[in-house]
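Before any comments, here is the structure.
The values are calculated or read from the model by the stated rules, or taken from the named source; none is laboratory data. These figures come from a predicted structure and were not determined experimentally. No Cβ is skipped: glycine too gets one built from the backbone with ideal geometry, and neighbour counts run over all protein chains shown.
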Amino acid sequence: MANKQSNLNHVFHALSDPTRRAVLERLSRGSASVTELAEPFEMALPSFVQHLKVLEQSGLVRSKKTGRVRICQLVPHTMSSAERWIAEQREFWERRLDQMEDYVKELKTKEKK
């Protein structure tokens with residue numbers, strides 16, 4: 001359980017940054033080199049590589065070196081833990097709001113009597 005929570009924390013940490021989200025969006029269209037991924041961002045390559053390290057540590061991205069080029073690819077199934085957590089939270093809060101709505105209706109009914 002603690003390991004799953006830790007993995008989930010890494011995924012949400014990785015998703016918390018707009019640069020990393022943009023990288024994930026780009027990789028959803030296919031693999032790319034580090035240089036290709038870094039191109040649209042106005043930052044030094046070492047700074048960009050730090051973003052990639054966070055994505056790799058979270059398990060959202062995998063990279064391999066082919067000759068002198070490092071190619072990155074998306075690991076989509078890693079996102080499923082975050083999707084599951086969000087769905088559970090949505091279900092919980094929708095249930096709570098339904099209960100609150102029922103309670104308010106009950107109070108209004110009692111008030112009319």
MET43 passes all but one of (1) more than 19 Å from ASN7 (Cα to Cα); (2) among the aliphatic types (A, V, I, L, M); (3) touching a Lys or Arg at 6+ places or on another chain (Cβ under 8 Å); which number fails? (3)
In the stretch 25-56, residue nearest to the chain's Cα centre (by Cα) [restricted to those that are outside any loop (DSSP other than H, G, I, E, B) and of a type in the set (S, T, N, Q)]: GLN50
Is it the case that GLN89 is among the polar types (S, T, N, Q) and assigned to a helix (DSSP H, G or I)? yes
Which of the residues spanning the stretch 57-84 are touching a residue at least 24 places away in the same chain (Cβ under 8 Å) and assigned to a strand (DSSP E or B)? VAL61, SER63, VAL69, ARG70, ILE71, CYS72, GLN73, LEU74
Somewhere in the stretch 1-10, is a residue under 19 Å from PRO76 (Cβ atoms), of a type in the set (Ser, Thr, Tyr) and under 14 Å from the mean Cα position of the chain (by Cα)? no
I'd like to check something: does the stretch 9-24 contain any residue that is modelled with pLDDT of 95 or more, in contact with a Pro (Cβ under 8 Å, 6 or more places away or on another chain) and in a helix (DSSP H, G or I)? yes
Matching residues, the stretch 1-56, being in contact (Cβ under 8 Å) with a residue 24 or more places away in the chain, surrounded by 13 or more Cβ atoms within 10 Å (Cβ to Cβ) and β-branched (Val, Ile, Thr): VAL11, THR19, VAL23, VAL34, VAL54
